[in-house]
Amino acid sequence: MTRRIFVLGATGTIGRATVRALVARGHEVVCLVRPQTGAGRAASAGGAAKAWGPQELARRLPGAELRYGDVTNPASLALDGFAGERFDVLLSCLASRTGAPRDAWAIDHQAHVQALDLAQRSGVTQMVLLSAICVQKPLLAFQQAKLAFEQVLIGSGLNHSIVRPTAFFKSLSGQVERVRQGKPFVVFGDGRLTACKPISDVDLGDYLAGCVDDESRHRRVLPIGGPGPALTPRQQGEHLFALLGREPRFKQVPVALMDAIIGALGLAGRVVPALAAKAELARIGRYYATESMLVWDAAAGRYDEQATPSWGRDTLFDHYAALVRGEAVSSDTERGDHAVF
Ligand SMILES: NC(=O)c1ccc[n+]([C@@H]2O[C@H](COP(=O)([O-])OP(=O)(O)OC[C@H]3O[C@@H](n4cnc5c(N)ncnc54)[C@H](OP(=O)(O)O)[C@@H]3O)[C@@H](O)[C@H]2O)c1
């Protein structure tokens, strides 16, 4: 059934894939994007990526209607976004690009609270939310902000699908170029501290779009990974070296070193605010260096690969092969501020 779907975060990595999947399913898709769209992407890539103009955006989001406004401003959200029209579904891939506490609470929580309120007044009866598997163990500000909004959504009574994916390909491809240049693959500890079931943008976009009509995904929190077994960073590195026909070479970073850096930045951050932000980024890095992106079994006190559902067809190793062959664009410029390497 064709639905009118209001989309937030359409310009992000998963947002773009999800909009394409929604359009392919025949839905009527309206996206609210910021006037300087991709500006956050450009800034977080250290200038390596350009902001997109309207033509470029239309090329990247074919078949969707684009509206320009400010998601953080309720008046703009109402006038420029919902515009007094009726919608069936709110779908959000909106997320803070930095993960810094203030940004996370403004975007992952507050902007969503406002959008949910306006959506309900626009006739919306269902919301599909891109969240993250790591909110199951919320130690960081952005995780707490996401979790707080998940609670608001569940409490709203609206039909909802809260999708908590494991790691994205872009977050696991940052070292392809440096290894190709002859540098070692950097791991924390021995490279076996964590594991994840990587999911591709296309597969996750398809899963999110499918939440609209698939009743088995309604009123549920849905952890989701990609196909195949869970992979450790060491296995990712070994496979990359094999693809390049080279002997594996790893650089092992002790977690204690990260702790020392976090401690020093935390102290300095009490005096220099910019260093407090860097301390939070270092904490984010440490989290991903030590916590697996798999379903957490609280009773057993361990991550559970078998309990982490798989979806889709694309594998990380096929993506690595395409990057090595030069058939896929390196996602270095897409990783944003959360990137560790
Ligand atoms: N990376 C991973 O491995 C991973 C794994 C699991 C879950 N996740 C979760 O997935 C989500 C990120 O997905 P993604 O990689 O697709 O995100 P992304 O590429 O960083 O896109 C973020 C989207 O939010 C928009 N946005 C951010 N700040 C905004 C602001 N102030 N005003 C208006 N729009 C704003 C961006 O718009 P612009 O384009 O205009 O900046 C963009 O559309 C996060 O919730 C993350 O926690 C990530």
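The values are calculated or read from the model by the stated rules, or taken from the named source; none is laboratory data. Predicted model only: the values in this text are computed from it and were never measured. Here Cβ is always computed from backbone atoms with ideal geometry, including for glycine, and neighbour counts include all displayed protein chains.
ALA321 - would you say it is assigned to a helix (DSSP H, G or I), at pLDDT 95 or above, in contact with a helix residue (DSSP H, G or I) (Cβ under 9 Å, 6 or more places away or on another chain) and surrounded by 13 or more Cβ atoms within 10 Å (Cβ to Cβ)?
The answer is yes for ALA321.
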For GLY84, all conditions in the list (1) in contact with a helix residue (DSSP H, G or I) (Cβ under 9 Å, 6 or more places away or on another chain); (2) on the phi < 0 side of the Ramachandran plot hold save one; what is the number of the exception?
(2)
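Based on this model, can you work out whether ALA111 counts as part of a loop (DSSP other than H, G, I, E, B), within 8 Å of the ligand (Cβ to nearest atom) and in contact with a strand residue (DSSP E or B) (Cβ under 8 Å, 6 or more places away or on another chain)?
In short, no.
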Residue list for region 114-140, filter: within 14 Å of the ligand (Cβ to nearest atom), surrounded by 23 or more Cβ atoms within 10 Å (Cβ to Cβ) and either part of a strand (DSSP E or B) or without any contact (Cβ under 8 Å) to a residue 24 or more places away in the chain (or both)
VAL128, LEU129, LEU130
List the helices (runs of 4 or more DSSP H) inside region 1-69, counting only whole elements, that have at least 1 residues being modelled with pLDDT of 95 or more, within 13 Å of the ligand (Cβ to nearest atom) and of a type outside the set (A, V, I, L, M).
13-24
Out of all the residues in region 227-237, is one or more at pLDDT 95 or above and touching a Phe, Trp or Tyr at 6+ places or on another chain (Cβ under 6 Å)?
yes
When region 78-106 is examined, which residues are found to be more than 9 Å from the ligand (Cβ to nearest atom), assigned to a loop (DSSP other than H, G, I, E, B) and at pLDDT 95 or above?
ALA83, GLY84, GLU85, ARG86, PHE87, ASP88
If you go through region 220-229 one residue at a time, do you hit one that is surrounded by 21 or more Cβ atoms within 10 Å (Cβ to Cβ) and either acidic (Asp, Glu) or part of a loop (DSSP other than H, G, I, E, B) (or both)?
yes
Would you tally the residues in region 141-181 being within 10 Å of the ligand (Cβ to nearest atom) and in contact (Cβ under 8 Å) with a residue 60 or more places away in the chain?
11
Test: LEU294 is crowded, with 16+ Cβ neighbours inside 10 Å and closer than 30 Å to ASN159 by Cβ:
yes
Going through (1) modelled with pLDDT of 95 or more; (2) within 15 Å of the ligand (Cβ to nearest atom); (3) touching a helix residue (DSSP H, G or I) at 6+ places or on another chain (Cβ under 8 Å) one by one, TYR303 fails only at (3)
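Let's see how each residue does on (1) β-branched (Val, Ile, Thr); (2) touching an Asp or Glu at 6+ places or on another chain (Cβ under 6 Å); (3) over 19 Å from GLY174 (Cβ atoms); (4) surrounded by 15 or more Cβ atoms within 10 Å (Cβ to Cβ):
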site	(1), (2), (3), (4)
GLY189	no, no, no, yes
LEU193	no, no, no, yes
GLY205	no, no, yes, yes
ASP214	no, no, yes, no
LEU265	no, no, yes, yes
ARG270	no, no, yes, no
PRO273	no, no, yes, no
ALA276	no, no, yes, yes
ILE284	yes, no, no, yes
Considering region 292-323 alone, what residues qualify as being of a type in the set (Lys, Arg) and free of Cβ contacts under 8 Å to residues at least 40 places away in the same chain?
ARG302
